[in-house]
1. Beyond 32 Å between alpha-carbons counts as too far, so tell me which of Lys6/Lys51; Lys6/Lys41; Lys63/Lys132; Lys51/Lys88 fall in that bin.
2. Express the accessible area of the chain per residue in Å², computed with a 1.4 Å probe while the remaining protein chains stay in the model.
3. How long are the three semi-axes of the equivalent ellipsoid of the chain, in whole Å, if each is the root of 5 times an eigenvalue of the C-alpha gyration tensor, listed from largest down?
4. Mind checking which aspartates and glutamates have their Cα closer than 15 Å to the Cα of Lys67? Skip sequence neighbours fewer than 8 apart in that chain.
5. In debye, nearest 20: dipole of the stretch 3-169 around its Cα centre with unit charges on the Cβ of K, R (+) and D, E (-)?
6. Pairs of alpha-carbon atoms within less than 8 angstrom and 6+ residues apart define the contacts here; what relative contact order does the chain have, in percent?
7. Summing -39500 (n - 2.57) over the DSSP H runs of n ≥ 4 in the chain and dividing by its residue number, what mean residue ellipticity at 222 nm do you reach, to the nearest 500 deg cm²/dmol?
8. Straight-line reach from Lys85: which aspartates and glutamates fall under 18 Å, measuring Cα to Cα and dropping same-chain residues less than 8 apart?
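The values are calculated or read from the model by the stated rules, or taken from the named source; none is laboratory data. All values reported here derive from a predicted model rather than from experimental measurement. Here the Cβ positions follow ideal geometry from the backbone for every residue, glycine too, while neighbour counts run over all protein chains shown. Note: areas computed on protein heavy atoms with side chains; ligands, DNA, RNA excluded. Shrake-Rupley method; radii C 1.70, N 1.55, O 1.52, S 1.80 Å.
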Amino acid sequence: MGTLEKIIQIYNLTDDDISNLASLKDLAKKNANSFVEELHKFISNFDNYSKFLSSEEIKNRHKEKLKLWFLDLFNAQFNEDYLRKIKKIGEVHAQIGLPSHYVSATMNFIRSFLHSIVLENYDVYHRQEELKLSIDKILDINLDIMTSSYIDENQFYVAKSKIETNIVRL
Ligand code: HEM
């Protein structure tokens, strides 16, 4: 079984989830600008925010890419290409040494942001719950894949340090 199928199976990502997410696309578009601004306000409290996002140019580029990632959540395109995109984001973060708990904390913020949008725009309890569950699945999948880039990186470092240990022994 390939990674895509495994993820679909273990997260029980159904066609209903995909269509729930697609039904939120217009609301997401409407809220995309406030999403990136509020998210940056949230992450600006992290130590080293200005070290990682060190100029207006880099901040603006991050906001643009973040907006595309945000809209992609609702694109109903859950395929290998999508997984590759998420993996690449994780790799960029891991390469710049961004602590993985910053990403987890930010995902928590994103979850609350999206839940609030659902609660503000849907008044039937059952529908609210369905939409929130589909949102949770796609965010958990994203976090899982982004975090796996850190694990890969760590394995790389473990491998490297073993070689280094052997060199020292020699
Ligand atoms: C769930 C949370 C986050 C998401 C979804 C996200 C999304 C992204 C995306 C889509 C990219 C572009 C990757 C590429 O070039 O292919 C990126 C890069 C980057 N992210 Fe994040 N990010 C998150 C959290 C953070 C946090 C908390 C920080 C810093 C405090 C951060 C700093 C950066 C930096 C510095 C880059 C490279 C920017 C550049 O030079 O173009 N990100 N992120």
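1. Working: Lys6/Lys51 37 Å; Lys6/Lys41 35 Å; Lys63/Lys132 24 Å; Lys51/Lys88 21 Å.
Flagged as over cut-off: Lys6/Lys51; Lys6/Lys41.
2. 61
3. Numbers: eigenvalues 205, 93, 32 Å².
Taking √(5λ) for each eigenvalue gives 32, 22, 13 Å, largest first.
4. Candidates past the 8-residue exclusion: Asp26, Glu37, Glu38.
5. Computed charge dipole of the stretch 3-169: roughly 600 debye.
6. Computed value for the chain: 33 percent relative contact order.
7. Result for the chain: -28000 deg cm²/dmol, rounded to the nearest 500.
8. Reachable aspartates and glutamates: Glu5, Glu64, Asp72, Asp140, Asp144, Asp152, Glu153.
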